[in-house]
Amino acid sequence: MVDKSDLEREISSGIIVFRKSPEGPRFLILFRATWTFPRGKIEKEERSFEAALRETQEETGLTRGQLRFVDYFKAYENWTFTRNGKKVRKTVIFYLAQTTKRQIRISEEHWGYVWLTYKEAMKMFSGPRHGEDRKVLLRVQDFLSGKKKGDKKIPDKNISGARHTHTSHSAVKK
């Protein structure tokens, strides 16, 4: 067992972005060596929400005005990894926001993106490396469907829901 006082701490934040579709919410997942939600490290003097907005805009081109935040939602991912022989305790703080945008502009650090339903995203996040992603996505799904007591369900809007898969070279509509 690792003594937690010996752990370096690293805190990041991000936004789980979704859009409504006839099949239910579709979640934005970015690809850079692995599939992930938009996120990044919190800079000095920056609050987690500010960092989440900044990172999401840098990675997707989505601005604050193109996102409708879901009140009272916040989720956390936590895990430990080793960097340069030292154990690091990583925490990611996630906010939840809806957009009507289908096309995004990914940063040069990413290779592609996809909009997936809950079931498709859970399949994408297979394996032990994505256990925290699955937990957060389950929490989001429960929150949006009103399964958790006291959670607010987002009202349905008639937003068209064609699935888009995008890489830096092509786009596929389904």
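Do any of K123/K147; K44/K119; K74/K101; K41/K147; K86/K119; K20/K44 go past 27 Å between their Cα atoms, and which? Going by Cα-Cα distance, K44/K119; K41/K147; K86/K119; K20/K44 fall outside the 27 Å limit.
In summary, the aspartates and glutamates within cross-link reach of K90, defined as a Cα separation below 18 angstrom excluding same-chain residues under 8 places away, comprise D3, D6, E8, E10, E43, E46, E55, E77, E132, D133.
Checking every one of the chymotrypsin sites (Phe, Trp or Tyr not before Pro) in segment 1-110 against DSSP loop status and a limit of 13 other Cβ atoms within 10 Å picks out Y72.
Backbone geometry of segment 73-90 corresponds, through the Karplus equation with coefficients 6.51, -1.76 and 1.60 at θ = phi - 60°, to 3J(HN,Hα) couplings of 9, 8, 9, 10, 10, 9, 7, 10, 9, 10, 9, 6, x, 10, 6, 10, 9, 9 Hz, x marking Gly and Pro. What the phi angles of segment 91-100 give under the Karplus curve with 6.51, -1.76 and 1.60, with θ = phi - 60°, is a coupling list of 10, 10, 9, 10, 10, 10, 9, 9, 9, 9 Hz, glycine and proline written as x.
In order along segment 47-63, the phi-based Karplus estimate (6.51 cos²θ - 1.76 cosθ + 1.60, θ = phi - 60°) of 3J(HN,Hα) comes to 8, 4, 5, 4, 5, 4, 4, 4, 5, 5, 5, 4, 8, 10, x, 6, 9 Hz; Gly and Pro are listed as x.
Each reported figure results from applying straightforward, stated rules to the coordinates on display, with no laboratory input. Here the structure is a predicted model, which is why all the values come from computation and not from measurement. Cβ atoms come from the backbone with ideal geometry, glycine included; neighbour counts cover every protein chain shown.
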